[in-house]
Amino acid sequence: MSHEGSTKAILAALFANLGIAITKFVAYLFSGAASMLAESVHSLADSANQLLLILGGKRAKRAATEEHPFGYGRSRYVYAFIVSVVLFTVGGMFSLYEGIDKLNHPHELENVWLPITVLLIAIVLEGFSLRTAIRESRPFKGNQTWLQFIRRAKSPELPVVLLEDTAAQLGLVMALVGVGLSVITGNPIWDAFGTIAIGALLMLVAVLLGVEMASLLIGEGGTAGEVASIKKALISAPGVESVIHLKTLYLGPEELMLAAKIAIKANATGEEIAQSIDSAELAVREAVPATRVIYLEPDIQRVSVSR
């Protein structure tokens, strides 16, 4: 997955969220709507998250060292996991607390036209950010559903932005419904309910994001399609009779490691074995370009005899 497309989506989300956060907070100051405060904090948290993703991308480009011989590619996963923590605590828990507080201490909303106007404008701006994330994700999504893309993507930035922008749009709608019902019924309790719903939504998204990032941090192998392509490439190399076993591991979003034991002819010379390994490595890199670190162990196929 191209990091350039991820950066475009991150920057679009960052600029949209910064502008929206300021306008939401101003609307809260003039109206006292709890959902507007929750949404402004949500936008600030999202802005901080986008900065974390950018920082993670920069730190992942550091050169390998003796202490970290495979480089720092997984830094992007670390910072994406921190994003889920920020979204859960700063966004979700704060909104939940604010909603419960307003539920226990309700007060009439003032200047209700202001938060409604801000929310409508914010929906349009967040829509622009979400559209950018969707456009940048489509080339990598393929025939997968959006949920499958989020769960299977090895590059964390686009799935994170997609989840954040989707949660932001749903949160804006919840805030608009809460404020609208408060105006229609004259009962500010609906604003509190909207704020609680926003908090629950953010915590749910944060948990989903955290689970996915934890899986990538622990270490995920190549997809079924990538493994099948690697096996086909290995067998196609001259002198390789079969693949005895193989394992793959993503060292970072764009770097796959392969370790495999391949069967070579029993009477092959040392030079022939070396040529077979070189050909196999070349074939694998052509089939799956992300496979940058390759360890191949030559062996002979042993046929077990059953008694």
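For Pro188, the criteria (1) within 31 Å of the chain's Cα centre (by Cα); (2) touching a residue at least 12 places away in the same chain (Cβ under 8 Å) hold in every case but one, which is (1). Annotation note: Cβ proximity below 6 Å between a residue of the range 98-117 that is at positive phi and a residue that is modelled with pLDDT of 75 or more (sequence gap 6+ or interchain) occurs for Asn111/Phe30; Asn111/Ser31.
Residue-level check: of (1) touching a residue at least 60 places away in the same chain (Cβ under 8 Å); (2) surrounded by 14 or more Cβ atoms within 10 Å (Cβ to Cβ), Ala214 misses just (2). Would you please name the residue that is farthest from Arg76 (Cα to Cα), looking only at residues in the range 17-36 that are in contact with an Asp or Glu (Cβ under 6 Å, 6 or more places away or on another chain) and surrounded by 22 or more Cβ atoms within 10 Å (Cβ to Cβ)? So, considering only residues that are in contact with an Asp or Glu (Cβ under 6 Å, 6 or more places away or on another chain) and surrounded by 22 or more Cβ atoms within 10 Å (Cβ to Cβ), the one farthest from Arg76 (Cα to Cα) is Ser31. Restricted to the range 131-146, and to residues there that are at pLDDT 85 or above and hydrophobic (A, V, I, L, M, F, W, C), the residue that is surrounded by the most Cβ atoms within 10 Å (Cβ to Cβ) is Ile134.
Going by the structure shown, is Ala48 buried (at least 21 other Cβ atoms within 10 Å of the Cβ), assigned by TED's automatic domain parsing to the domain that holds Ala168 and in contact (Cβ under 8 Å) with a residue 24 or more places away in the chain?
On the way: buried (at least 21 other Cβ atoms within 10 Å of the Cβ): no; assigned by TED's automatic domain parsing to the domain that holds Ala168: yes; in contact (Cβ under 8 Å) with a residue 24 or more places away in the chain: yes.
Taking the combined requirement at face value, the residue does not satisfy it.
So for the range 233-250 (the condition being out of contact with any helix residue (DSSP H, G or I) (no Cβ under 7 Å at 6 or more places or on another chain), assigned to a helix (DSSP H, G or I) and at pLDDT 90 or above), does at least one residue qualify? Yes, the range 233-250 has at least one match. Are any of the residues in the range 54-67 closer than 30 Å to Glu254 by Cβ and buried (at least 22 other Cβ atoms within 10 Å of the Cβ)? Yes, some residue in the range 54-67 is closer than 30 Å to Glu254 by Cβ and buried (at least 22 other Cβ atoms within 10 Å of the Cβ). Checking each residue in the range 265-284 for being more than 38 Å from the chain's Cα centre (by Cα) and buried (at least 19 other Cβ atoms within 10 Å of the Cβ) picks out only Ser276.
Against the numbered list (1) closer than 30 Å to Val293 by Cα; (2) at pLDDT below 85, Tyr77 comes up short only at (2).
The condition of being part of a helix (DSSP H, G or I) and modelled with pLDDT of 90 or more holds for Val227.
The values are calculated or read from the model by the stated rules, or taken from the named source; none is laboratory data. Remember, it's a predicted structure, so these values are computed and weren't measured experimentally. Here Cβ is always computed from backbone atoms with ideal geometry, including for glycine, and neighbour counts include all displayed protein chains.
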